[in-house]
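Novice: Handing you this structure, nothing more for now.
The values are calculated or read from the model by the stated rules, or taken from the named source; none is laboratory data. Because the structure is a prediction, the values reported are computed rather than measured. Here the Cβ positions follow ideal geometry from the backbone for every residue, glycine too, while neighbour counts run over all protein chains shown.
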Amino acid sequence: MSVISFRVPKVLTARSRAWSRRQVSILVDVVVGVLSVAMIALMLAFPGHESAPFHLMFLVVAMAYGFRIWPVIPTVTATVVITFLGGWLMIAHASEGQLARAELAEIPLMPAVLLAMVWHARRRMSAVEQMEQMTARQLAAVDREREFFRDASHAIRTPVTIARGHLELVAARDLDVEMASDLDIALRQLERMSMLSNRLLAVARLDARTDLNKHPVYLGELVRELTDNWLVAFDRDWRIEIEPTGVIMLDPDWIAMAVDALIENALHFTTDGAVVTVSCRMSDTRCTVAVADSGPGIPAEDLPHVFDRFWHRMPPNGPMGSGLGLSMAKAAAIAHGGSLSARNSSSGGAVFELVLPAARQSLRLTSR
């Protein structure tokens, strides 16, 4: 194993961190003990000036509590000991007339302040521990969900592929009209299952923070090519408004899936002849891809949920979607450092805007 590729095992790293924390705790204990003894010595050496060393003892313990939180019994025991020693000296010197009796009020006051601080510190520690436990449970739930997406997508893909292959062989034969229609329906449903499997896998990969394969791309040309793929298959009043975007860094596969999901959503909520507008424009710092339609729009109560996984809006015509397209598109936008939003246009219909960072690139590609 080369020196460069060597990695310290996680177990050793955890042990090193634990040993380091133990060393810090021991050092804090020693410092508190030494300073407390020094303060007692100063109280003995300078009768009549006990207040300052007495206060400093409690101040040292309070400051140390920021680095090390002792258990309750040792904390109370230490507080009682330093209060007894310091208080005994102060009472003795006050009885001899070397210390003003008004200073004796500090004896119960200082430990009370320290114990109040300890109580609040322990409450905060308990709250932090509960928060950490809650975070750990949420992370575990996210990991289980990610594993489910990945495993489910793989489990669905194989039988769907096999079933489609057999049905396509049957479709190649001479069939009567009714059987051909039934076979076509079965193939379409398998196509939906295949799309669902692909999107489940895509969501799992994005959740796992899979590195994006970014390279310089003309976003405007990519959007135009994607739109052309839909033009020939759906009878809509297509309005394409593509501005030159220049070269930006992105993963074209993920952005293509996101744009396709937005166009597919617009088609689900429009019928033949409806207006679907696909635009792409660039500003100094960002590129915006917008897909608008003349459909029924998004009810106000549904707007907060349109990007939730497996959440559906019932299309007025056509089949129900998978509930993953828009959530996958938003995940892809966020992975690129961008955003995806939804709103209703003033003229009716829904508008989805995919915003991507568009830092200027020195590289220039030959336009196709």
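Novice: Go through segment 226-248 and give me each residue that's more than 19 Å from residue 268 (Cβ to Cβ) and not small (Gly, Ala, Ser).
Specialist: Once the filter is applied, which keeps residues that are more than 19 Å from residue 268 (Cβ to Cβ) and not small (Gly, Ala, Ser), segment 226-248 yields 228, 240, 241, 242, 243, 244, 245, 247, 248.
Novice: Only one of 121, 62, 92, 136 is in a helix (DSSP H, G or I), at pLDDT 85 or above and of a type in the set (Gly, Ala, Ser); which?
Specialist: 92
Novice: Scan segment 25-62 for residues that are of a type in the set (Gly, Ala, Ser) and more than 18 Å from residue 87 (Cβ to Cβ) and report the count.
Specialist: So the count comes out to 2.
Conditions tested, residue by residue: (1) within 14 Å of residue 261 (Cα to Cα); (2) in a helix (DSSP H, G or I); (3) touching a strand residue (DSSP E or B) at 6+ places or on another chain (Cβ under 7 Å); (4) modelled with pLDDT under 90.
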position	(1), (2), (3), (4)
304	no, yes, no, yes
309	yes, no, no, yes
312	yes, no, no, yes
317	no, no, no, yes
323	yes, no, no, yes
328	yes, yes, no, yes
332	yes, yes, no, yes
354	yes, no, yes, no
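Novice: Within segment 77-87, how many residues turn out to be closer than 16 Å to residue 49 by Cβ and of a type in the set (Phe, Trp, Tyr)?
Specialist: Selection size over segment 77-87: 0.
Novice: How many residues are under 21 Å from residue 324 (Cβ atoms) and touching a Ser or Thr at 6+ places or on another chain (Cβ under 9 Å) when one looks only at segment 235-260?
Specialist: Adding up the residues that qualify gives 1.
Novice: How many of the residues in segment 266-290 are part of a helix (DSSP H, G or I) and buried (at least 23 other Cβ atoms within 10 Å of the Cβ)?
Specialist: Result for segment 266-290: 1.
Novice: Need pairs with beta-carbon distance below 8 Å; first residue touching a residue at least 12 places away in the same chain (Cβ under 8 Å) and within segment 58-78, second outside any helix (DSSP H, G or I); sequence gap 6+ or separate chains.
Specialist: Final answer for the pair search is 78/70.
Novice: Another question, if that's okay. With respect to residue 105, determine if the residue is outside the structural domain of residue 35 (by TED's automatic domain parsing), surrounded by fewer than 17 Cβ atoms within 10 Å (Cβ to Cβ) and more than 48 Å from the chain's Cα centre (by Cα).
Specialist: Against the criterion (outside the structural domain of residue 35 (by TED's automatic domain parsing), surrounded by fewer than 17 Cβ atoms within 10 Å (Cβ to Cβ) and more than 48 Å from the chain's Cα centre (by Cα)), residue 105 qualifies.
Yes/no per residue for (1) part of a helix (DSSP H, G or I); (2) modelled with pLDDT of 85 or more:
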{"residue": "11", "(1), (2)": "yes, no"}
{"residue": "14", "(1), (2)": "yes, no"}
{"residue": "23", "(1), (2)": "yes, no"}
{"residue": "48", "(1), (2)": "no, no"}
{"residue": "67", "(1), (2)": "no, no"}
{"residue": "81", "(1), (2)": "yes, yes"}
